[in-house]
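Structure, as structure tokens:
The numbers here are math on the coordinates, done by the rules we state, and not lab data. Keep in mind that this is a model prediction, so the values were computed, not measured. All Cβ positions, glycine included, derive from the backbone under ideal geometry; neighbour counts span all protein chains shown.
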Ligand code: NDP
């Protein structure tokens with residue numbers, strides 16, 4: 001794509017966007033596809049042509065209105081985007097550079113990735129890591145980058161492949177699928193917990209050695225249960241996380257990164273004070289740039305591309321709203337990548 005200066009005619013190019021509006025306090029939200037120009041985007045130093053995006057669980061919550069993810073209306077949802085800078089008002093960036101942007105309130109308080117163009121602050125993007133296409137970066141997306149942050153966290157807590165197996169919950173979801181793949185690639189023995197036992201072959205294909213039914217982690221948690229894993233990456237929360245903690249081996253570590261099963265944590269302090277288990281919180285949204293660069297560079301180097309392809313379904317801009325409902329209903333396996341060509345900027349005539 002050709003680089004353009006800030007004064008160039010791209011400001012009047014039209015592109016499509018998904019827009020969430022809330023007409024009145026008492027009314028529900030409305031989701032529609034609108035045509036916009038760059039002048040209508042929110043403030044920021046960088047104008048980006050969005051080439052690829054993805055549908056994460058959080059985007060599903062935002063578009064369906066299931067949880068109050070959107071905190072400013074109207075809002076363009078989409079917490080992730082990858083593309084090319086069209087215009088830069090920052091000395092740190094040039095038109096033509098290829099970038100990835102995740103989090104920072106995109107799709108929550110700042111117009112996000114489900115549009116042909118995005119305008120963001122200069123401090124938000126990272127350069128697209130060498131060896132990754134925009135589409136691959138979005139196949140990874142916030143879900144995969146969060147999985148990498150979780151792997152880094154349990155490594156830093158001293159859990160090595162020799163410590164014992166590592167459990168991944170919500171394993172056939174986006175965070176889970178990437179976590180299984182990364183851990184297996186790094187030599188860990190991976191136990192995958194899933195509510196979709198029919199996906200056992202898929203999970204084995206990503207590198208899981210053992211499959212555990214979600215129901216095994218759904219009972220009333222005991223303060224301490226039989227020690228089963230040295231570490232865990234949990235995207236479910238609630239009773240599941242409480243059970244995971246109660247079954248973590250002495251000195252183990254659990255990275256908590258999601259709430260697909262609940263926001264509560266109905267457990268005991270026993271695993272912490274009697275087994276020295278560590279619970280590490282993972283936030284992807286406000287990670288500082290150096291941690292993002294480390295995580296993305298490791299993803300570019302370490303994530304098996306064949307397995308990434310096997311876990312990814314490609315959809316178009318027109319499919320986003322339907323996919324949002326599916327991900328909230330737990331019907332999406334692995335990752336969704338959105339080819340944003342259908343929303344791309346076109347010259348206004
Ligand atoms: P997905 O919907 O792709 O995966 C979630 C998985 O959790 C499902 O596939 C399912 O896996 C399992 N699950 C769903 N509902 C339940 C339930 N009621 N009880 C138990 N398990 C359930 O979402 P993502 O992987 O994109 O995200 C996972 C979680 O991580 C979400 O809560 C998301 O908001 C959070 N997240 C947090 C981030 C952060 O910064 N901390 C960043 C990214 C995501 P299966 O069918 O295999 O059981």
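Most mobile of 239, 166, 190 per a Gaussian network model of the chain (Cα springs, under 10 Å)? Comparing 239, 166, 190 in the GNM, the peak value goes to 239.
If a paramagnetic tag sat 7 Å from the Cα of residue 250 along the Cα-Cβ line, which residues of segment 214-233 would have the backbone N under 17 Å from that point? Within reach of a label on residue 250: 224-231. If eta is 1.567 mPa s and T is 4 °C, what Stokes-Einstein diffusion coefficient results for segment 88-208, Kirkwood Rh from Cα pairs, in µm²/s? Using the Kirkwood radius from Cα pairs, D works out to 79 µm²/s. With the highest mean first, a sort of the peptides 134-140, 100-106 on other beta-carbon atoms found within 10 angstrom per residue produces 134-140, 100-106.
Divide the volume of the convex hull of the Cα atoms of segment 142-281 by its number of residues and quote the answer in cubic angstrom per residue.
Spelled out: Cα convex hull of segment 142-281, divided by residues, is 86 Å³.
Rounded to the nearest 5, the antiparallel percentage of DSSP beta bridges internal to the chain is 55%. Note on the chain: GNM, Cα springs under 10 Å; of 274, 303, 203, the largest mean-square fluctuation is that of 274.
From helices alone, the chain scores -8000 deg cm²/dmol at 222 nm; the rule is -39500 (n - 2.57) for each run of n ≥ 4 DSSP H residues, then divide by the residue total. Once C-alpha pairs closer than 8 Å and six or more residues apart are averaged by separation and normalised to the residue number of segment 135-194, the relative contact order reads 39 percent. Have a look at the DSSP beta bridges in segment 158-235 and tell me what percent are antiparallel, nearest 5. Antiparallel bridges: around 0 percent, rounded to the nearest 5. Here segment 142-281 carries DSSP beta bridges of which approximately 0% are antiparallel, counting only pairs with both residues inside.
A viscosity of 1.002 mPa s and a temperature of 20 °C, combined with the Kirkwood radius over C-alpha pairs in the Stokes-Einstein formula, give the chain a diffusion coefficient of 104 µm²/s. Each Cα pair under 8 Å and six or more residues apart adds its sequence gap; the mean of these over the residue count of segment 142-281 is a relative contact order of 23 percent.
Using a simple spin-label model with pseudo-atoms 7 Å out from Cα toward Cβ, residue 220 and residue 121 lie 4.7 nm apart. Length gained on full extension, residue 329 to residue 89: 82.3 nm, using 0.36 nm per residue less the C-alpha separation. Note on residue 227/residue 291: beta-carbon distance plugged into 1/(1 + (r/R0)^6) with R0 of 45 Å gives a FRET efficiency of 0.90.
What's the extension gain from residue 274 to residue 198 if we count 0.36 nm per residue and subtract their Cα-Cα distance? Mind showing how you got there, number by number?
Numbers: separation 76, 0.36 × 76 = 27.36 nm, distance 3.66 nm.
My answer for the length gained is 23.7 nm.
With axes computed from alpha carbons, what is the tilt in degrees of helix 289-302 against the longest principal axis of the chain, rounded to the nearest 10 within 0 to 90? Computed tilt is about 70 degrees.
The orientation-averaged shadow of the Cα convex hull for segment 242-299, equal to a quarter of the hull surface, comes to 5.2 nm². The Kirkwood radius of segment 8-151, taken over pairs of alpha-carbon atoms, gives through the Stokes-Einstein law at 25 °C and 0.890 mPa s a diffusion coefficient of 160 µm² s⁻¹.
In the chain, Cα pairs under 8 Å separated by at least six residues give a relative contact order of 20 percent.
Taking 16 Å as the cut-off, the amide N atoms of segment 108-137 that come nearer than this to a point 7 Å along the Cα-to-beta-carbon line of residue 314 belong to 133-137.
Reducing segment 286-349 and segment 104-161 to their Cα centroids gives an inter-centroid distance of 10 Å.
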